[in-house]
1. Which residues, counting only those in the stretch 178-207, are open to solvent by less than 20 Å² (accessible area, probe 1.4 Å), at pLDDT 65 or above and in contact with a Pro (Cβ under 8 Å, 6 or more places away or on another chain)?
2. Out of all the residues in the stretch 128-150, is one or more open to solvent by less than 10 Å² (accessible area, probe 1.4 Å) and under 23 Å from R89 (Cβ atoms)?
3. Going through the stretch 127-172 one residue at a time, which ones are in a strand (DSSP E or B) and near the ligand (Cβ under 10 Å from one of its atoms)?
4. What single numbered condition from (1) of a type in the set (K, R); (2) in contact (Cβ under 8 Å) with a residue 24 or more places away in the chain; (3) under 26 Å from M142 (Cβ atoms) fails to hold for K257?
5. Taking helices (runs of 4 or more DSSP H) that do not extend beyond the stretch 302-408, which have at least 1 residues that are surrounded by 15 or more Cβ atoms within 10 Å (Cβ to Cβ) and more than 16 Å from the ligand (Cβ to nearest atom)?
6. For A22, state whether it is in a helix (DSSP H, G or I) and touching a residue at least 60 places away in the same chain (Cβ under 8 Å).
7. I'd like to know if the stretch 68-91 contains one or more residues that are free of Cβ contacts under 8 Å to residues at least 24 places away in the same chain and open to solvent by 40 Å² or more (accessible area, probe 1.4 Å).
8. Does S141 satisfy the condition of being in contact (Cβ under 8 Å) with a residue 60 or more places away in the chain and out of contact with any helix residue (DSSP H, G or I) (no Cβ under 9 Å at 6 or more places or on another chain)?
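The values are calculated or read from the model by the stated rules, or taken from the named source; none is laboratory data. Just so it is clear, the model here is predicted, and its values are computed rather than measured. Virtual Cβ from ideal backbone geometry, glycine too; neighbours counted across all protein chains shown. We work out accessible area using only protein heavy atoms, side chains counted, and drop any ligands, DNA or RNA first. Shrake-Rupley method; radii C 1.70, N 1.55, O 1.52, S 1.80 Å.
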Amino acid sequence: MLDYLDLESDLDGEERLIRDTAREFVDEHVRPEIGEWFESGTSPDHLFEAMGELDFFAPTLSWGTLPGVSPRSYGLLMQELEAGDSGVRSMASVQGALVMSPIHEFGSEAQRERWLPDLAAGDAVGCFGLTEPEHGSDPASMETTAMPDGDGYRLSGTKTWITNAPIADVAVIWCKIDDGDAGTDDPVRGVLVDLDGDGVSEEQGESEPRQTDRSGGVETSEIDGKLSMRASSTGEIHLRDAWVPEDALLPGVEGMKGPLSCLTEARYGIAWGAVGAARDCFEAAREYATDREQFGGPIARFQLQQEKLAEMATRITTAQLLADRLATLKARGDLRPQQVSMAKRNNVRMAREVAQTAREILGGNGITTDYPPMRHAANMETVYTYEGTHDIHTLILGADLTGIDAFE
Ligand SMILES: Cc1cc2nc3c(=O)[nH]c(=O)nc-3n(C[C@H](O)[C@H](O)[C@H](O)COP(=O)(O)OP(=O)(O)OC[C@H]3O[C@@H](n4cnc5c(N)ncnc54)[C@H](O)[C@@H]3O)c2cc1C
């Protein structure tokens, strides 16, 4: 397994244990079937429970039975899961960084008790609703609103591209409180929408929600036709006057710093995860190049192939160092979101290109699901785009480096 600068020797016992546990989980539960799931577009939802049993969801939190592991341990977990498939890593990222973290950080004690144990165990599935059909890279312009009504709010709007929306029990919906006061900036708030119906009620009398597919006024649908992240469920959430009680609001945060701080957490995991996907591609290419014979010997003897392998190994190693440094900064509380942007941007671009080069080394076999590179390459198109596109992270870095914000 590629670890050219021997980062392994600096890992402590906890880090090794988590890394090895995740690696074994992927070998046993993901690798044997991932090609088939990808081909058939099947989301391996059955893995939630097994992942919960192994504390794969938000293990950095210290609450209840959550173990409070180090940022490096968490990074290694993401790396190993994404070596299996980006969809599997996304299951853990969304559940942990985008759903459990905001509930832990910004939720009331009652919200924590209601959701964290079930989400940690994988008995409940969560999703994070920020993106809308007309507002992707610019989520601050979101149109989803929560209008005060009785002792609660009515939610209206559509969230799209939401990982796990079709199977989720709870959604963290980011929306603007619409108090009817035109001209004022409506504050962005997070709302916990119980998709199973316990918290979205029809008891409000005359203005009852009309859609009841999943619960009053809330409907979810699957997005079909994806050529990337095929072993992951992605959907839309339609909110039509869906009533939620006042205590569904996350009390501890107001404004875009709510969703953006969750994204920084998730992007940290992606910076590590991308290294895992790239490493998996590299290992497949190295093995293939040494086995496959053309012109009377292994293709690995050709300098052209060696150059590709040398370049891949070097880029993976530099990305590993970047991720590892983020872990050190995060552990001592010094990590800035812009540094996470640099690592997400660099490491995902690296993984995208490494996956394509690995695919190339595998020749015709490289385009099948029998080998991982093409699947990882397809997944990287999503990873390059979600959690802030490559361009958006470029602009974040540009603003940080020059003091001039190109978004304005
Ligand atoms: C499989 C998948 C899962 C996802 N899961 C979730 C989820 O769980 N929750 C969630 O909320 N969202 C999720 N997303 C949505 C994702 O975060 C968005 O797709 C992403 O933010 C980009 O938004 P967009 O697709 O609307 O593209 P747009 O914002 O329309 O961007 C289109 C292009 O324009 C570029 N662009 C935009 N603005 C600028 C600018 N200022 N300067 C230069 N270039 C610019 C972009 O880089 C991109 O290349 C998911 C997406 C996918 C594909």
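1. V188, G190
2. yes
3. So the first thing to find is which residues in the stretch 127-172 are in a strand (DSSP E or B), and the list is 127-129, 132, 135, 145-149, 152-163, 170-172.
Within the stretch 127-172, C127, F128, G129, E132, H135, K159, T160, W161, I162, T163, A171, V172 meet the criteria.
4. Result: K257 fails condition (2) only.
5. Details: elements: 303-331, 337-361, 373-385, 390-402.
Fully inside the stretch 302-408 and qualifying: 303-331, 337-361, 373-385.
6. Details: in a helix (DSSP H, G or I): yes; touching a residue at least 60 places away in the same chain (Cβ under 8 Å): no.
The answer is no for A22.
7. First, the residues of the stretch 68-91 that are free of Cβ contacts under 8 Å to residues at least 24 places away in the same chain: 68.
Retained after the next criterion (residues that are open to solvent by 40 Å² or more (accessible area, probe 1.4 Å)): none.
No; the residues of the stretch 68-91 include none that is free of Cβ contacts under 8 Å to residues at least 24 places away in the same chain and open to solvent by 40 Å² or more (accessible area, probe 1.4 Å).
8. On the way: in contact (Cβ under 8 Å) with a residue 60 or more places away in the chain: no; out of contact with any helix residue (DSSP H, G or I) (no Cβ under 9 Å at 6 or more places or on another chain): yes.
When the stated conditions are applied, S141 does not pass them.
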